[in-house]
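Heads up: the structure comes next, in structure tokens.
The values are calculated or read from the model by the stated rules, or taken from the named source; none is laboratory data. The shown structure was predicted, so the numbers you read here are calculated from the model rather than taken from an experiment. Here Cβ is always computed from backbone atoms with ideal geometry, including for glycine, and neighbour counts include all displayed protein chains.
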Amino acid sequence: MAVFVAVQAAAEEYVFRGWLTQAVGAFLRSPWVAVLPQAVLFATAHGWGTTWGFIDLLLFGLVGGGG
């Protein structure tokens, strides 16, 4: 069962920080404009919860996607 956690995490990184950022970034000049949609989708995929929780996830997505 623990192996599925690693597979899920790798798939999430591939989709949000790999494919999605590259697909959007292929059409834009600024990397931050490419990072913004993936950060919003990352936060949305992890649940809305509270407003501050969503903002925290959004910021985490921005920092993780930009680094």
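How many residues are modelled with pLDDT of 80 or more and loosely packed, with under 14 Cβ neighbours inside 10 Å if we restrict to region 34-48?
2
Those residues that are surrounded by 14 or more Cβ atoms within 10 Å (Cβ to Cβ), hydrophobic (A, V, I, L, M, F, W, C) and either within 16 Å of residue 35 (Cα to Cα) or within 10 Å of the chain's Cα centre (by Cα) (or both), I need them from region 49-67; list them, please.
If the condition is that a residue be surrounded by 14 or more Cβ atoms within 10 Å (Cβ to Cβ), hydrophobic (A, V, I, L, M, F, W, C) and either within 16 Å of residue 35 (Cα to Cα) or within 10 Å of the chain's Cα centre (by Cα) (or both), then 57, 58, 60, 62 are the ones that fit.
Could you check region 1-52 and list, in sequence order, the residues that are among the aliphatic types (A, V, I, L, M) and in contact (Cβ under 8 Å) with a residue 12 or more places away in the chain?
Listed by number, the residues that qualify are 20, 24, 34, 35, 36, 39, 40, 41, 43, 45.
Which of the residues spanning region 37-62 are over 15 Å from residue 15 (Cα atoms) and assigned to a helix (DSSP H, G or I)?
Passing the criteria: 51, 52, 53, 54, 55, 56, 57, 58, 59, 60.
Could you tell me whether any residue of region 15-29 is outside any loop (DSSP other than H, G, I, E, B) and charged (D, E, K, R)?
yes
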